[in-house]
Amino acid sequence: MTFGRKRSWQAQGMVCEKCGFELTADRGCQEVLLRCPSCGKSYELKKYASRMDDEFEEEMGFVPMDRI
């Protein structure tokens, strides 16, 4: 049950170091990862934590702490 929360969302201002596309945050059962929709490269959240905007933080507020 997802309670209406998004399973993935655009990570505004966070771009892939490999190809420059804007990343997407994917919320899975075990963790949240930033992924590039173009090349598929994944990044841990801590790498981009300082760039999180209000919308991103709002979505993260619904993720259990053991998945971050």
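Proximity of backbone amide H atoms, modeled 1.01 Å from N, is registered between F21 and C16 at under 5 Å, excluding neighbours fewer than 5 places apart on the same chain. Please compute the per residue accessible area over segment 6-61 with all protein chains in place, 1.4 Å probe, rounded to a whole number of Å². On a per-residue basis, segment 6-61 sits at 61 Å².
As a fraction of the 1.4 Å probe accessible area of segment 7-64, surface on carbon and sulfur atoms comes out at 45 percent.
Converting phi to 3J(HN,Hα) with the Karplus coefficients 6.51, -1.76 and 1.60 and the offset θ = phi - 60°, segment 19-29 yields 10, x, 6, 6, 7, 10, 8, 10, 9, x, 5 Hz in sequence order, with x at every glycine or proline. Note on D26/D53: beta-carbon distance plugged into 1/(1 + (r/R0)^6) with R0 of 22 Å gives a FRET efficiency of 0.80.
Applying the Karplus relation 6.51 cos²θ - 1.76 cosθ + 1.60 with θ = phi - 60° to segment 49-61 yields 3J(HN,Hα) values of 3, 6, 9, 5, 8, 4, 5, 5, 4, 4, 5, 5, x Hz, where x marks Gly and Pro.
The values are calculated or read from the model by the stated rules, or taken from the named source; none is laboratory data. Predicted model only: the values in this text are computed from it and were never measured. As a convention, Cβ positions derive from the backbone with ideal geometry for all residues, glycine included, and neighbour counts pool all protein chains shown. For the accessible areas, the whole protein counts, side chains as well, though only heavy atoms, and no ligand, DNA or RNA atoms are used. Shrake-Rupley method; radii C 1.70, N 1.55, O 1.52, S 1.80 Å.
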